[in-house]
Amino acid sequence: LLHPGCLQSMYDSFKHHKELGVVGGKLLDDKGAIKSIGGNIDKETTISSLGHGQDQAHPTYNYVRKLDCVNEQIFMIKIHLLEILNGFTESYTDLQYAVSDLCAKVRKNGDTVLYQPKSVSNELETD
């Protein structure tokens, strides 16, 4: 469930950051705590999800910053960049890994991956 202004703030990020390739937002759980803002990838290619369980209002999670990868449920990419990079790697069965791999390709291409805290969405619980 996208919050008002979610898509616009991601779209506007491309205007303010010319080198931007992918922008992601803040995913909240059903109680309003952060589920994920994205993450960083270590040398062993382990993804460390940032913000899980934290207060969405905490200053640590409310400024634009570079990340290695965005949350797979809330992000935007330049369409021509997606085409240049040949889209998602189809061998990944987990969306988190597919998006993380895409973000790695974006960074390798010389573009930036950013977290935009004004882009907020709640995860919908499914039974």
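The values are calculated or read from the model by the stated rules, or taken from the named source; none is laboratory data. In this text, all values refer to a predicted model and were calculated from it rather than measured experimentally. When we count neighbours, we look across all protein chains shown, and the Cβ atoms used for this are built from the backbone with ideal geometry, even at glycine. Accessible surface is based on the protein model in full, side chains and every heavy atom, while ligands, DNA and RNA are left aside. Shrake-Rupley method; radii C 1.70, N 1.55, O 1.52, S 1.80 Å.
A protection proxy built from the mean count of other Cβ atoms within 10 Å ranks the segments 46-59, 109-122, most packed first, as 109-122, 46-59.
Modelled spin-label separation between Lys108 and Arg65, with each label point placed 7 Å from Cα along the Cα-to-Cβ direction: 2.6 nm. Taking label positions 7 Å along the Cα-Cβ direction at both Glu123 and Ala57, the computed distance is 2.3 nm, reported to one decimal. Over segment 1-73, what percent of the accessible surface lies on carbon and sulfur atoms, probe 1.4 Å? Carbon with sulfur: 53 percent of the solvent-accessible area. Inter-part distance, segment 65-104 to segment 1-46, computed on C-alpha centroids, equals 12 Å.
Taking every DSSP beta bridge that has both ends in the chain, the antiparallel portion is near 65%.
Principal axis analysis of the Cα atoms in segment 1-101 yields extents of 37, 33, 25 Å, listed in decreasing size. Phi angles across segment 50-63 convert, under the Karplus curve 6.51 cos²θ - 1.76 cosθ + 1.60 with θ = phi - 60°, into 3J(HN,Hα) values of 9, x, 3, x, 8, 5, 4, 8, 4, x, 4, 10, 10, 9 Hz, Gly and Pro given as x. For the cross-link pairs Lys31/Lys66; Lys35/Lys108; Lys78/Lys108; Lys15/Lys43; Lys31/Lys78, the ones whose C-alpha atoms lie over 24 Å apart are Lys31/Lys66; Lys35/Lys108; Lys15/Lys43; Lys31/Lys78. Amide H to amide H, with H built 1.01 Å from N, Leu67 comes under 5 Å of Val113, Leu114, Tyr115, counting only residues 5 or more places away or on other chains.
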